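First the structure, in the form of structure tokens, and then the observations on it.
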Amino acid sequence: MRWVVPVAAGLALLACSSLQPLPVRTGETCYGCRQVVSEIKIATEMIDDKGHAFKFDTVECLARYVTDHPDEKINGVFVTDFKTGRMFNATQAYFVKGSVMPGGMKKNYVAFRGSDDASAYAKAQNSTTVEWKAVMDALKTS
């Protein structure tokens, strides 16, 4: 019975140490391009080694910032699942370059947690799915 309290305290500390993104809200300023975040479904976030959250309006802004600052100490990079609106780790995402708004001309990378959702969106957008590394590589050359 003596071990219950230390184990419970250890589990509580472990739960508190998991890296979680903060919600991104419309009207906030993108840390990368300084534009206003207008579409939450494509918003992203980076958390540095001090636990500070930096919000970005698109996958491209986040990836460009990370690419342009290779010495930045980053603890987490998060993207929004286009289907559910929930943030998750960018390294677990499937990305599709497509139009966010119906009939829109601007193409942005859109993140999905599930490969089936990404594949369906890619087919509708006449596009393909890529992973985080491919997004980063594409922005290094642009």
Any hit, the stretch 107-115, residues being at pLDDT below 90 and closer than 16 Å to A138 by Cβ: yes
Residues satisfying the stated conditions in the stretch 50-102, i.e. in contact with a helix residue (DSSP H, G or I) (Cβ under 7 Å, 6 or more places away or on another chain), more than 18 Å from A134 (Cα to Cα) and in contact (Cβ under 8 Å) with a residue 60 or more places away in the chain: V100
Candidates K133, K83, K73, K107, filtered to the one that is surrounded by 15 or more Cβ atoms within 10 Å (Cβ to Cβ) and among the basic types (K, R): K83
Checklist (1) more than 13 Å from the chain's Cα centre (by Cα); (2) surrounded by 13 or more Cβ atoms within 10 Å (Cβ to Cβ); (3) β-branched (V, I, T) applied to V36, failing item: (2)
Complete set of residues in the stretch 47-58 that are surrounded by 13 or more Cβ atoms within 10 Å (Cβ to Cβ) and either modelled with pLDDT under 95 or over 24 Å from G98 (Cβ atoms) (or both): I47, D48, A53, F54, D57, T58
Answer residue from the stretch 27-46, given it is charged (D, E, K, R) and closer than 21 Å to D68 by Cβ and is modelled with the highest pLDDT among those: E45
Residue match in the stretch 38-60 (condition: in a helix (DSSP H, G or I) and of a type in the set (S, T, N, Q)): no
Sole residue being among the hydroxyl-bearing types (S, T, Y) and either modelled with pLDDT of 95 or more or crowded, with 19+ Cβ neighbours inside 10 Å (or both), chosen from S99, S127, S119: S119
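The values are calculated or read from the model by the stated rules, or taken from the named source; none is laboratory data. Just so it is clear, the structure is predicted and the values come from calculations on it, not from any experiment. Every residue, glycine as well, gets a Cβ built from its backbone with ideal geometry; the counts of neighbours run over all protein chains shown.
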